[in-house]
């Protein structure tokens, strides 16, 4: 991934409406403008604009041009240059990374303590199996904006412990858009995309298609991505509505991690060839808004999402497993907003409710050398979730300390209810009904000295209920080989609760400079952790008491004389266990005592991003970006007794040249060809005598190039 100066467009607490530096580089006649002081965001699940000065939290916004110029494979690639965002790669494929932010994770990997919620056009993308996020299913080429709302959020609801990602897809505009694009890269990478959009008033339309064939840089690590996204909209008077449909059919090989000794000998090796992930997605969404008056607006959505997954896992320490997960989810949301005044005070009120129904089936087959595949687990889970929320933002004081000064109070609350009805179709003990509910509050204050200097403070709570596969793999007697379900616990796992305090500042001292900073602390109770005891092939889940994530974030972005753009951001993240407890581990003797104060694994304490983009002529952009990630403890070393994963630097560069509607681009990733690893764990190595437990790591790709062209008709 190329860390372009697109990062300038989205500082940690300064989300702007104007084109980003990286986006401006795509325009031949328009050099980048100076940074504007007026900024807005959309902090609710369905769009409702508020001024930046009224949002008591840290925000980032990415535009289509930010995303396009980075040439990302998946959403986390486009976010990696943002403050504090770190990627790791347990699966060994660039299409399934783990993303961490503020010590919380969004990942496609079952077993991680998910704490970031992801929404597409108001629809939750966290899967009902274990709240995982399949980034390869997100239609990144067709995204209009990506909003990163840091901290707990009562508006986005459950699972928003560390952040929420809200994605909005494109729609057709008045001007006809026809953009074919092709690119080729190292290791046999081929990308073909096409975007078509326009309008025939009162209707508008958009279609996007992608086909990717990636040979992969490691053995048996190819990937095929096929996707079509379409949207039809209508605007009549005060009514604005869209209907969209997405079909995705992928086939991704998963080379996984390697013994550390093997990485030093041959980093392209695949220790478990044959692992694959084959998802098929069908998703339809309806969104509509209607302005009842200048002050009152109604917004609603409804959706149906069907996902079928075939996942094969090669196990050197036991039988191979193949998992078939099928889920159907449907539901909707209704939201009303009022913008006006109460007793002479400017006020914005948002009220909403949602309902979601999901049915998940999970079947696991185990390879038997004599009988072939035998079914080992066959379970279903019918889930029902209800949520209701309210948020009010009122300007208590205005122009009290000079023009543009204000004191703004935000109060919010949300109630969530979730019910699991699990059935074991093989007649085993894994069935049961589990219910969770909670009310979460939030309060925030914005103190703005003027239009260019502001401060904020907020306190909020959020929770995550245990997921389907967590509930059925919840104890030493319910270890789950591969990803299958085991035995439902009695008593069940407890819900995770997060309480976040945050204080921040943002300033726009000069037309060419933005600076922002934030301090936060999130105290988490009943964190759910996966456990992999020595000598087993699988895992189980348990509550681990109290944990804490706290840290600092800083961001500065600048543009000089329409010729040069630069950015610098830094994040310090301290994620620790707050109570001593005993945890199962792959390391002998199979359990470890984790002292209070131990660091959570795979979370670096420090991360730095900086870069610049030079425009020597309006038609040419040269860019360079660098990232530093500090050391991280291996997963499975929660007691912090083993040598950590080393820190690393990575440098990326890019070039873009334009002539009329034609643009030619090239990105060089890992420019200095650094050798480093992004993930580490411990596991038995059955190829060695006695199958000793050894460190396993996932190597990062060597230097590689992606180049191509696009034409805007």
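Some observations on this one:
- Residue within the stretch 636-644 that is in contact (Cβ under 8 Å) with a residue 40 or more places away in the chain and assigned to a strand (DSSP E or B) present: no
- Residue 588 vs. criteria part of a loop (DSSP other than H, G, I, E, B), at pLDDT below 95 and either surrounded by 16 or more Cβ atoms within 10 Å (Cβ to Cβ) or touching a strand residue (DSSP E or B) at 6+ places or on another chain (Cβ under 9 Å) (or both): yes
- Checking each residue in the stretch 650-675 for being assigned to a strand (DSSP E or B) and loosely packed, with under 13 Cβ neighbours inside 10 Å picks out 659, 662.
- Residue match in the stretch 175-193 (condition: under 30 Å from residue 380 (Cβ atoms), at pLDDT 95 or above, touching a helix residue (DSSP H, G or I) at 6+ places or on another chain (Cβ under 9 Å) and not in a loop (DSSP other than H, G, I, E, B)): no
- Residue check for residue 129: under 25 Å from residue 223 (Cβ atoms), part of a strand (DSSP E or B) and touching a residue at least 60 places away in the same chain (Cβ under 8 Å): no
- Matching residues, the stretch 201-232, being touching a strand residue (DSSP E or B) at 6+ places or on another chain (Cβ under 6 Å), within 28 Å of residue 253 (Cβ to Cβ) and buried (at least 20 other Cβ atoms within 10 Å of the Cβ): 208, 210, 214, 221, 223, 225, 227, 229
- Residue match in the stretch 449-457 (condition: at pLDDT 85 or above, under 20 Å from residue 161 (Cα atoms) and outside any strand (DSSP E or B)): no
- Test set (1) modelled with pLDDT under 80; (2) surrounded by fewer than 24 Cβ atoms within 10 Å (Cβ to Cβ); (3) touching a strand residue (DSSP E or B) at 6+ places or on another chain (Cβ under 7 Å) - residue 78 fails condition number: (1)
- Odd one out for residue 439 among (1) over 14 Å from residue 158 (Cβ atoms); (2) without any contact (Cβ under 8 Å) to a residue 40 or more places away in the chain; (3) surrounded by fewer than 15 Cβ atoms within 10 Å (Cβ to Cβ): (1)
- Filtered by the rule that a residue be assigned to a loop (DSSP other than H, G, I, E, B), more than 18 Å from residue 495 (Cα to Cα) and in contact (Cβ under 8 Å) with a residue 40 or more places away in the chain, the stretch 152-174 gives 155, 170, 171, 172.
- Given (1) surrounded by fewer than 24 Cβ atoms within 10 Å (Cβ to Cβ); (2) closer than 24 Å to residue 576 by Cα; (3) free of Cβ contacts under 8 Å to residues at least 60 places away in the same chain, number of the condition residue 87 does not satisfy: (3)
- Test: residue in the stretch 347-360 that is within 30 Å of residue 257 (Cβ to Cβ) and under 25 Å from the mean Cα position of the chain (by Cα): yes
- Whether a residue is under 29 Å from residue 125 (Cβ atoms), modelled with pLDDT under 95, surrounded by fewer than 18 Cβ atoms within 10 Å (Cβ to Cβ) and in contact with a strand residue (DSSP E or B) (Cβ under 8 Å, 6 or more places away or on another chain) was assessed, and residue 198 does not pass this test.
- Whether a residue is crowded, with 16+ Cβ neighbours inside 10 Å, modelled with pLDDT of 90 or more and more than 25 Å from residue 467 (Cβ to Cβ) was assessed, and residue 517 passes this test.
- Residue that is nearest to residue 631 (Cα to Cα) [pool: residues in the stretch 676-703 that are surrounded by fewer than 16 Cβ atoms within 10 Å (Cβ to Cβ) and at pLDDT 95 or above]: 676
- Within the stretch 46-68, the residues that satisfy the criterion of being assigned to a loop (DSSP other than H, G, I, E, B) and at pLDDT 80 or above are 55, 56, 57, 58, 63.
Every residue, every condition in (1) surrounded by fewer than 21 Cβ atoms within 10 Å (Cβ to Cβ); (2) modelled with pLDDT under 95; (3) within 30 Å of residue 51 (Cβ to Cβ), yes or no:
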{"residue": "332", "(1), (2), (3)": "yes, no, yes"}
{"residue": "346", "(1), (2), (3)": "yes, yes, yes"}
{"residue": "368", "(1), (2), (3)": "yes, yes, no"}
{"residue": "388", "(1), (2), (3)": "yes, no, yes"}
{"residue": "394", "(1), (2), (3)": "yes, no, yes"}
{"residue": "401", "(1), (2), (3)": "yes, yes, yes"}
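- Residue check for residue 385: out of contact with any helix residue (DSSP H, G or I) (no Cβ under 7 Å at 6 or more places or on another chain) and more than 30 Å from residue 342 (Cβ to Cβ): yes
- Selection count, the stretch 550-563, where residues are assigned to a strand (DSSP E or B), in contact with a strand residue (DSSP E or B) (Cβ under 7 Å, 6 or more places away or on another chain) and more than 11 Å from residue 519 (Cα to Cα): 5
- Search result, residues across the stretch 538-555 that are over 30 Å from residue 110 (Cβ atoms) and surrounded by fewer than 18 Cβ atoms within 10 Å (Cβ to Cβ): 552
The values are calculated or read from the model by the stated rules, or taken from the named source; none is laboratory data. Being a predicted model, the structure only gives us computed values, none of them experimental. Counting neighbours? That spans all protein chains shown, and the Cβs are built from the backbone with ideal geometry, glycine included.
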